[in-house]
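To start, the structure under review is shown below, and the notes come after it.
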Amino acid sequence: MRRVIISGGGTGGHIYPAITIARSIADIEPTEFLYVGSKVGLENTLIPKEGLPFVTLDVRGLERKISIRNMVTLKKTVGSMVQARWLLHKFKPQVVIGTGGFVCGPVLLAASLSGIPTLIQEQNVIPGITNTILSKFVDVVALGYEEASGRFNQKTKLVVTGNPVRKDILTVSKKTGRAFLGLDPGKFTILVAGGSRGARTINTAMVEAHQYFKDDPDIQILHVTGNAEYEQVVEQLPGISEKGKYGSGSYIIPYLHHMPEALAAADLAVYRAGAVGLAELTVRGLPSILIPYPYAAEDHQRYNAQALVMCGAAKMILDKMLTGRELIEEIVHLKNDPVALKRMAEASKSLGKPKAAYDIAKLALSIARDSK
């Protein structure tokens, strides 16, 4: 049986790809996994629910300035390197995979220095600082976007695989998705989501959009606000029902556990530009209006969005330029131009990499050390 260590943490953008890759490896051959995360990241909640064996390291990210906190962080990093080497010695993995986040640093570096095959998966057009450093040491770098290749010096290590998406994203039909969510099968359907925590600028603009489309018989909107944002949205929409129904076709909810069905149901998405979300949009061939999160490291969401815009798969509105009127105009324009919308859908589909998880899994197993 194979033994694989996977590390990735901090945000869902690092954790969900790791889970998907693990599932794909397990589909190929029997594998024993160990997931290594940080003590403070979202992985502490998500990974135990997935049933993967889970351990943590006491490590955190560096600030982008000289500070006392960074001195403490460097000390913790040295300690986590020692702990990582102990984990490697105890678990004896044949390959170690990193999907980003500062916790990957000590784990992948310790594995590389120990002669264990290593692979990192970079989701964004602009690589994170941890993966940029690790690329000098690991054996393979799997890229979500070809545009990211210019940011790495070790060209022979690069393989463009696309970003992994869950299998259930690919399998739900539009008819099934709309029926499951209780949506009208004949209306133009818009999915609005700003990530698990929500996006205030998108939610604020959507208040005006809900009011504008309130009595439109041809449009329905499924708006996922994020738990922290829900109350401030519904308070601005008098007449909304207890279940979040507003007007003839707006459904406003704090969180959605059935994103595969929602993506299948939609004709158009209004989204942030995180790598995982964009991978899901493109494998579904879904046109989108993207509002990149402006405070992402190195402004990488804007570059992610730009990759889709340049191919004709999406429109982009910068966060600082977003207003209700601007968003309404984009939605109306696209709804009223089915030819343009179809072109966007085709362009989006052409960017999708439905086999990315399988390809990364095969790549990792191809470099794995002989089990003996």
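Which order do you get for D299, D215, D139 if you rank them by accessible area with a 1.4 Å probe, largest at the top? Kindly include the intermediate steps, with their values, before the conclusion.
Working: D299 45, D215 125, D139 80 Å².
Order by accessible area, largest first: D215, D139, D299.
What order do H223, H258 take when sorted by accessible area (1.4 Å probe), most exposed first? Could you put the intermediate results ahead of the total?
On the way: H223 0, H258 75 Å².
So, going from the largest accessible area down, we get H258, H223.
Would you work out the charge dipole size for the chain about its Cα centre, treating the Cβ of every Lys and Arg as +1 and the Cβ of every Asp and Glu as -1, and quote it to the nearest 20 debye? Walk me through the numbers before you get to the answer.
Values: 44 positive and 34 negative charges, 275 e Å.
It comes to approximately 1320 debye.
Consider all pairwise Cα distances in segment 168-351 and report the whole-number % of them above 29 Å.
Numbers: 2009 of 16836 pairs.
Summing the P(r) of segment 168-351 above 29 Å gives 12 percent of all pairs.
On the protein heavy atoms, probe 1.4 angstrom, tell me the percent of accessible surface of the chain carried by carbon and sulfur. Please report the intermediate quantities before stating the final value.
Values: 9410 of 17150 Å².
Carbon and sulfur together cover 55 percent of it.
From largest accessible area down, sort K49, K353, K157; use a 1.4 Å probe on the protein chains.
Details: K49 160, K353 90, K157 40 Å².
Putting K49, K353, K157 in descending order of accessible area: K49, K353, K157.
Rounded to the nearest 20 debye, what is the charge dipole size of segment 168-351 about its Cα centre when +1 sits on each Lys and Arg Cβ and -1 on each Asp and Glu Cβ? If you can, show how the numbers build up before the last one.
Values: 19 positive and 21 negative charges, 76 e Å.
For segment 168-351, the charge dipole is close to 360 debye.
How big is the gap, in Å, between the Cα center of segment 300-345 and the Cα center of segment 7-62?
33 Å
So how exposed is T171, as accessible area in Å² (1.4 Å probe, rounded to 10)?
Result for T171: roughly 110 Å² accessible.
How long, wide and thick is the chain, going by the Cα atoms along their three principal axes, in whole angstroms, largest first?
So the extents along the principal axes, rounded to whole Å, are 65, 44, 37.
Quick one: how many Å² of K90 are accessible to a 1.4 Å probe, rounded to 10?
The accessible area of K90 comes to roughly 140 Å².
Give me the accessible area of Y293, 1.4 Å probe, in Å² rounded to the nearest 10.
Y293 exposes around 90 Å² with every protein chain in place.
What number, rounded to the nearest 500 deg cm²/dmol, is the helix-based mean residue ellipticity at 222 nm of the chain, given -39500 (n - 2.57) per DSSP H run of at least four residues and division by all its residues? Show your work: numbers first, answer last.
Working: 15 runs with 162 residues, N = 372.
My calculation for the chain gives -13000 deg cm²/dmol from helical runs alone.
Put +1 on the Cβ of each Lys and Arg and -1 on the Cβ of each Asp and Glu in the chain; which of L191, P48, V82 then has its Cα farthest toward the positive end of the dipole?
V82
The values are calculated or read from the model by the stated rules, or taken from the named source; none is laboratory data. The model shown is predicted, which means the values in this text are computed figures rather than measured ones. Using ideal geometry, Cβ is built from the backbone for each residue, glycine included, and neighbour counts are taken over all protein chains shown. Remember, those area values only see protein heavy atoms, side chains included, never the ligands or the DNA or RNA. Shrake-Rupley method; radii C 1.70, N 1.55, O 1.52, S 1.80 Å.
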